[in-house]
Each structure stands twice: as structure tokens, then as C-alpha cells.
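The values are calculated or read from the model by the stated rules, or taken from the named source; none is laboratory data. Keep in mind it's a predicted model, so treat the numbers as computed, not measured. Positions of Cβ are backbone-derived with ideal geometry, glycine not excepted, and every protein chain shown enters the neighbour counts.
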Amino acid sequence: MNVGNPSNMERVRAVFPQVDELRHAASAYSVSEEAIRDRIRKDFDRYGHIWCPHTAVAAEVYERLPAEQRAKGRWVLVSTAHPAKFRETVEPLIGREVAVPEALARLFARPVECIEIDASLPALRGGLGVAT
């Protein structure tokens, strides 16, 4: 979640009205690209499971948690994308092709349509055909 977005921060504050509550409930970690690549390789070798880069971040953070913190309860790593979405990144790391699910293959087969616009709200509105 991008807490820098005002609407996201409003949602977070609705759940944790006091900043101290939020500080107690949440923490943040930084994971380098090298660590992400290493986690994809290691966990494929160890478990035979293929992570997308985003999920590899969660797996890496979990591995870094102190054992006593991990032992406090059950943990869930939430996968945000299929690794086939990142084939050019993942396949060289695991040394094999990533199978593409049928639904994702249909999306990949669709034509790409894009236009370049200025980095401004009026340009975005115009690109979306929204009246200003």
C-alpha cells in the first residue's frame, strides 16, 4: 500500500487513529534488488516454488525477522502477481521457463495500445477522454 497517497493514509488512520497504534502494528523494511534475486533463487532451490519479485520481497522480510517474532503466530505471504508476469527477470534466476497460466497468456496475447502524455493531470484527463 502506498501510504503516501492521501486516500490510503485516510484508510490507515481509520483503522489506527493513534500514530502509536500504527507504529505498534506495522513496520517497514527495505529489500535490495540483489536480495530479491537471491530470495527467488534460494526459495526455488529449497522449496521448488517460484516467487514473483514482489512476493520475494515478502519472503525475504519474513526470513529476516527474528525467530522469536516469527514464532508469535502464523504468517501469510501475500503474492501480488504470477511469476510469469516477470519471466525475463525470474527465468534466468531459476534456470528454467515459467509456465504461463491460460488467463495470463490471453492477456499477453492482447495488442498493446499506449499513448505518451505529459506528466500532468490535464494531460491524463485528456488521454482518458475526461472533460476538464
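If only one of THR89, THR55 is in contact with a Ser or Thr (Cβ under 7 Å, 6 or more places away or on another chain), on the phi < 0 side of the Ramachandran plot and polar (S, T, N, Q), which one is it? Break it down stepwise before answering.
On the way: THR89 fails: in contact with a Ser or Thr (Cβ under 7 Å, 6 or more places away or on another chain).
Just one listed residue meets the conditions, THR55.
All but one of (1) surrounded by fewer than 16 Cβ atoms within 10 Å (Cβ to Cβ); (2) touching a residue at least 40 places away in the same chain (Cβ under 8 Å) hold for GLN69; state the number of the condition that does not hold.
So the condition that GLN69 fails would be (2).
Okay, residues lined up against (1) surrounded by 10 or more Cβ atoms within 10 Å (Cβ to Cβ); (2) at pLDDT below 95; (3) among the aliphatic types (A, V, I, L, M); (4) outside any helix (DSSP H, G or I):
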position	(1), (2), (3), (4)
VAL76	no, yes, yes, yes
ALA81	yes, yes, yes, yes
PHE86	yes, no, no, no
CYS114	no, yes, no, yes
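Out of the residues in the range 1-37 that are more than 20 Å from VAL61 (Cβ to Cβ) and among the small types (Gly, Ala, Ser), which is modelled with the highest pLDDT?
Filtering first and then ranking leaves ALA14.
Scan the range 29-43 residue by residue and report those that are among the small types (Gly, Ala, Ser) and either touching a helix residue (DSSP H, G or I) at 6+ places or on another chain (Cβ under 7 Å) or surrounded by 16 or more Cβ atoms within 10 Å (Cβ to Cβ) (or both). Even if it seems obvious, please write down each step before you answer.
Residues of the range 29-43 that are among the small types (Gly, Ala, Ser), as a first pass: 30, 32, 35.
Answer for the range 29-43, where residues must be among the small types (Gly, Ala, Ser) and either touching a helix residue (DSSP H, G or I) at 6+ places or on another chain (Cβ under 7 Å) or surrounded by 16 or more Cβ atoms within 10 Å (Cβ to Cβ) (or both): just ALA35.
Can you name the condition, by its number, that ARG46 falls short on among (1) at pLDDT 95 or above; (2) surrounded by 13 or more Cβ atoms within 10 Å (Cβ to Cβ)?
All conditions pass for ARG46, except number (2).
For ARG23, which of the numbered conditions (1) part of a loop (DSSP other than H, G, I, E, B); (2) loosely packed, with under 12 Cβ neighbours inside 10 Å; (3) not acidic (Asp, Glu) fails to hold?
(1)
Any chance the range 94-112 includes a residue that's under 26 Å from SER27 (Cα atoms) and surrounded by 12 or more Cβ atoms within 10 Å (Cβ to Cβ)? Explain how you work it out, then say what you get.
Within the range 94-112, the first condition is being under 26 Å from SER27 (Cα atoms), and the residues that meet it are none.
No, the range 94-112 contains no residue that is under 26 Å from SER27 (Cα atoms) and surrounded by 12 or more Cβ atoms within 10 Å (Cβ to Cβ).
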